[in-house]
Each structure stands twice: as structure tokens, then as C-alpha cells.
Amino acid sequence: MEIEYISDSAHHGTHAFSQRDNTTPGDNVFGAPAHDFMERSIDLNEHLVHNPQATFFLRVSGESMCDAGIHDGDIVIVDRSIKPQSGKIVIAVIDGEMLLRRYIKTFNSLTLVPDTKKLSPLTITEYHDFKIWGVVTYAIKYV
């Protein structure tokens with residue numbers, strides 16, 4: 001499975017938004033009464049990105065996590081500062097290949113499990129060149 005790198009989050013936020021930031025065609029004349037009640041738009045970075053310096057957006061290629069609701073073309077938001085926990089979905093790099101899998105750690109084993117019956121789980125051994133690249137925090141559906 002390939003994962004396409006979209007972009008990192010150079011997010012500055014919109015916390016400093018004020019009503020004066022709304023530019024309307026009638027700025028030099030009397031505006032419409034509804035303009036007084038205008039709200040700022042929703043900034044998905046504020047809601048979905050908790051650590052902007054360590055957050056990346058990746059496009060999913062493949063169906064390895066389809067039973068978890070992550071399909072080909074979806075975008076996953078990955079936070080590299082989060083420590084992986086058993087049961088979480090992660091981006092793993094194994095022998096130079098990025099994989100989207102569920103991280104299952106037990107007392108004496110580490111397994112990367114796809115959420116589809118078409119692929120089998122991969123048990124990590126000392127012979128693998130392996131690292132966790134980041135933890136998936138959100139998935140954005142492509143419709």
C-alpha cells in the first residue's frame with residue numbers, strides 16, 4: 001500500500017478573528033443587517049490538529065483498513081508526537097515501505113494487523129527494519 005504525502009500543517013489558527021475581518025461588497029455603505037450576526041467559518045485545523053509541528057495529512061492508497069472505515073482515496077491525519085498504543089491505527093515503516101495498520105502490542109510480540117480479511121497480520125521480528133512513523137488521529141472520507 002502506498003501513502004501519498006499531502007502536506008504538513010503550517011497552521012496559524014483563526015483565534016484572532018473579529019467581525020472587522022469580514023469584508024463585504026458594501027463596506028463603504030450601510031451593510032445588510034445580517035452582517036452583524038455573521039460568524040467566522042469553521043477551521044478544521046483548530047478541531048483536528050492538536051500538534052501542528054508534528055501533524056501530517058496523508059492520502060490512503062489501498063484497502064488494507066476498509067473494515068475500519070478507511071478506504072482508498074481517504075485522507076488520514078497523522079500525529080508523529082503521539083506514542084503508539086495497542087489497538088490504535090498507525091503508519092508503520094517496514095523495510096522502507098509505509099503501511100497503514102492497527103498496532104497490536106502484547107507482552108512478548110508486536111503485530112501489525114490490517115482491518116480486512118484479504119490480508120494477513122504481520123508479526124514484527126528482530127529481522128525487520130521497522131519503526132512507527134506516526135499515529136492516525138482522524139480520517140477524512142472521500143465521497
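The values are calculated or read from the model by the stated rules, or taken from the named source; none is laboratory data. Note that the coordinates shown come from a computational prediction; the quantities given were computed from them, not determined experimentally. As a convention, Cβ positions derive from the backbone with ideal geometry for all residues, glycine included, and neighbour counts pool all protein chains shown. Accessible surface is based on the protein model in full, side chains and every heavy atom, while ligands, DNA and RNA are left aside. Shrake-Rupley method; radii C 1.70, N 1.55, O 1.52, S 1.80 Å.
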- line: Contour minus Cα-Cα span, Lys118 to Ile94, at 0.36 nm per residue, comes to 6.7 nm
statement: Within the under-10-Å Cβ sphere about Thr111, not counting Thr111, Lys/Arg +1 and Asp/Glu -1 give a net charge of +3
task: Express in nm, to one decimal, how much length is gained between Tyr127 and Ala54 on full extension, taking 0.36 nm for each residue of separation and deducting their alpha carbon distance.
output: 23.4 nm
- prompt: Given the Cα-Cα distance of Gln85 and Thr106 and 0.36 nm per residue of separation, how much length would full extension add, in nm?
  reply: 6.5 nm
- prompt: Given a 1.4 Å probe and the protein chains all in place, what does the accessible area of Leu122 round to, in Å² to the nearest 10?
  reply: 60
